[in-house]
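One structure is given below, encoded as structure tokens.
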Amino acid sequence: MISAIGNRSRGFSLLEILIVLTIIVLFSGLFALRFDDSQSEELLARASVGVKSASLKAKRRSFAFRRDQYIIFTPNSFRITERGGEGQEPLGGFDSDRDEAAAFKPFAVPLGIKMEILPTGAKKWIKPDRFVWSFRDSGLSDPLSVRFSVGASYTKLTFNVLTGLPEEETFIQ
């Protein structure tokens with residue numbers, strides 16, 4: 001640095017050091033905030049991947065085996081089955097085959113994540129209590145939206161009736 005007199009001084013001025021320290025503090029603060037959000041983002045992603053995977057598996061099974069498949073939502077989990085409701089007999093596959101039962105065990109929603117669904121015609125999101133989502137043997141499914149939330153952060157999945165693929169909206173705060 002050159003001083004006002006023209007001599008070359010050694011080192012940095014106090015102002016330069018303060019500017020660099022301020023920049024370092026700002027970046028570390030932004031990183032710390034982003035690091036806190038990553039845990040809720042990971043939980044939301046894990047839950048949404050679970051329901052996306054289950055929907056694609058149910059759709060493929062319904063079309064391949066020409067039998068209706070169902071995803072049954074309970075307050076804290078969901079699972080694929082070939083039984084649509086209470087008292088129905090299994091049609092084979094998941095419900096009667098012990099080897100396949102391990103592949104379709106219930107998916108537990110991670111602790112701290114709130115799961116809600118928006119069925120066709122509903123105006124409000126509801127917490128599922130044994131809600132049955134149907135996948136017909138033609139490969140079509142009932143329309144459904146699923147929302148996972150933690151605090152003010154959420155992931156909303158709106159599933160396409162024809163393809164079974166979701167349109168995803170994520171908000172992390």
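The values are calculated or read from the model by the stated rules, or taken from the named source; none is laboratory data. The structure displayed is predicted, hence computed values, not measured ones. Counting neighbours? That spans all protein chains shown, and the Cβs are built from the backbone with ideal geometry, glycine included.
Things to note:
- Segment 8-52 - residue that is outside any helix (DSSP H, G or I) and of a type outside the set (S, T, N, Q) and, of those, modelled with the lowest pLDDT: ARG8
- Only strands (runs of 3 or more DSSP E) whose full extent lies in segment 126-173 are considered here, and the ones with at least 3 residues that are closer than 13 Å to ILE71 by Cβ and in contact with a Gly (Cβ under 8 Å, 6 or more places away or on another chain) are 131-135.
- Segment 142-165 - residue that is hydrophobic (A, V, I, L, M, F, W, C) and touching a residue at least 60 places away in the same chain (Cβ under 8 Å) and, of those, farthest from LYS57 (Cα to Cα): VAL150
- Subset tally (residues that are modelled with pLDDT of 70 or more and either among the basic types (Lys, Arg) or in contact with a helix residue (DSSP H, G or I) (Cβ under 7 Å, 6 or more places away or on another chain) (or both)) for segment 92-114: 7
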